[in-house]
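Shown next, in structure tokens, is the structure this report addresses.
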Amino acid sequence: MGTPSLQHFIEIEDLTGEQFWGLLGLARRLKEEWLRTGHNEPILAGKNLAMVFQKPSLRTRVSFEMGMRHLGGHAAYLSPQEIGLGQRESVPDVARVLSGYVEGLMARVFDHAHLVALARWATVPVINGLSDYSHPCQALADLFTLWEHWSWGELAGRVLAYVGDGSNNVATSLIMAAGKVGMRVVVISPPNYTPDPAVVTRSGAEVTITADLNAVRGADVLYTDVWVSMGQEAERQRRLAALAPYQVNPTLVERTGNPDVVVMHCLPAHRGEEITDEVMDGPHSIVFPQAHNRLHAQKALLAHLLGNVPLE
Ligand code: CP
Ligand code: NVA
């Protein structure tokens, strides 16, 4: 029988634990193949991905484009100026038109409802490349990075301390992903920047929410993200004031009491705000391998959704 296939990749909570692990396993195989031989089998030869961006991107744009190329396919980048998703043209119309040109869509949007509508109307798989609500590709790559870092060992029972804006898209997807693998999450955020309780409940993860920085004690992972996400620029002053105590700096790393703690950040980082140079560039940081693994995790998604490669 095997693991049931995915139709889209919009939300980690839509996956079973078996499907989530299936993507991690496929990512591992494709990364190992690429490291061993310098290339991947061209399983997506003749396949095309349209990449719709309403917001800027470095990692998501380049890793999807190179992922398609490594697998023998092609990607077309559509900038915020070009599509006018929901403005120049309705979301259902964009979905139906693009479905006649390409074998897959990846979209980065403000309004999460636009992704849901794309998936509803497209006749090809749709991948969430970040919305105001969630960033599942990031969480998939992050858990792949931890699994690899811990030599393909257990993730269950490990503790990830997320420090900063616990209400944002990255925190939301990390909580959902933790629920799939049995990791514990400690969210350390000021009031008004805590995760949506409904997300926590639905994730099935063991999540502790506190404003107390001492809660980093014993963490296996310290994770942070920007204090001002794309689209929140008007709130910058208020956010900086509320989040300033929640900087990941050498003192906070020390406070974990764990000499093997790893520090993660989805990037882009605002060095000197949510994380300091010493930590970003220090011995606990795995932020660059983490960024690089976006490529490998997304290759698994592409191979499965566009190439019908089974989950492993
Ligand atoms: N982490 C991440 O998604 O980076 P980009 O915004 O550069 O794609
Ligand atoms: N929370 C950040 C993540 C960027 C990858 C944002 O939405 O801007």
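The values are calculated or read from the model by the stated rules, or taken from the named source; none is laboratory data. Here the structure is a predicted model, which is why all the values come from computation and not from measurement. Positions of Cβ are generated from backbone atoms using ideal geometry, with glycine treated the same way; all protein chains shown enter the neighbour counts. Just the protein is used for accessible areas: all its heavy atoms, side chains included, with ligands, DNA and RNA removed. Shrake-Rupley method; radii C 1.70, N 1.55, O 1.52, S 1.80 Å.
In terms of Cα to Cα distance under 29 Å, which lysines are near enough to LYS47, apart from those fewer than 8 places away along the same chain?
Hits, sequence-local ones excluded: LYS31, LYS55, LYS299.
Let me check something: with ligands and nucleic acids excluded, how do THR3, THR208 order by accessible area (1.4 Å probe), largest to smallest? Can you show the working numbers first?
Values: THR3 30, THR208 70 Å².
Greatest to least solvent exposure: THR208, THR3.
Rg over Rh of the stretch 40-117, using C-alpha atoms and the Kirkwood radius, what does it come to? Each step should come with its number before you reach the end.
Details: Rg = 12.7 Å, Rh = 13.0 Å.
Using only Cα positions, Rg/Rh for the stretch 40-117 is 0.98.
So what's the stretch 141-194 giving for Rg/Rh, alpha carbon basis, Kirkwood Rh from the mean inverse pair distance? Walk me through the numbers before you get to the answer.
Numbers: Rg = 11.6 Å, Rh = 11.6 Å.
Radius of gyration relative to Kirkwood radius: 1.00.
In whole Å, how far is the Cα centre of the stretch 99-147 from that of the stretch 13-27?
Computed from Cα coordinates, the inter-centre distance equals 15 Å.
Angle between the Cα long axis of helix 112-121 and the longest principal axis of the chain, 0 to 90 degrees, nearest 10?
That helix lies at roughly 20 degrees to the long axis.
Based on the alpha-carbon gyration tensor of the stretch 178-294 and its eigenvalue square roots a ≥ b ≥ c, which shape applies: rounded if a/c is under 1.5, prolate if not and a/b is larger than b/c, or oblate? Could the numbers behind the result be given before it?
Working: a/c = 1.32, a/b = 1.02, b/c = 1.30.
In terms of gyration-tensor shape, rounded.
Take the Cα coordinates of the stretch 1-141, assign each an equal point scatterer, and use the Debye formula without solvent to give log10 I(q)/I(0) at q = 0.13, 0.18, 0.20 Å⁻¹.
Debye output, listed in q order: -0.57, -1.10, -1.34.
Running a GNM on the chain with Cα contacts under 10 Å, which residue among LEU160, LEU213, LEU143 ends up with the highest mean-square fluctuation?
Judging by the Gaussian network model, the answer is LEU213.
How are the C-alpha pair distances of the chain spread across 20 Å bins, as whole percents from the shortest bin up?
Going from the shortest bin to the longest, the percentages are 34, 58, 7.
Can you tell me which of ILE175, ILE286, ILE127 moves the most in a GNM of the chain? Springs connect C-alpha atoms under 10 Å apart.
With Cα springs under 10 Å in the chain, the top fluctuation among ILE175, ILE286, ILE127 is at ILE286.
Run through the stretch 134-190 and list the chymotrypsin sites (Phe, Trp or Tyr not before Pro) located in a DSSP loop whose Cβ has at most 11 other Cβ atoms within 10 Å.
Sites meeting the loop and neighbour criteria: TRP152.
Shape verdict for the stretch 224-281, please, from the Cα gyration tensor: rounded (a/c under 1.5), prolate (a/b greater than b/c) or oblate. Could the numbers behind the result be given before it?
Numbers: a/c = 2.72, a/b = 1.91, b/c = 1.42.
Prolate, because a/c is 1.5 or more and a/b exceeds b/c.
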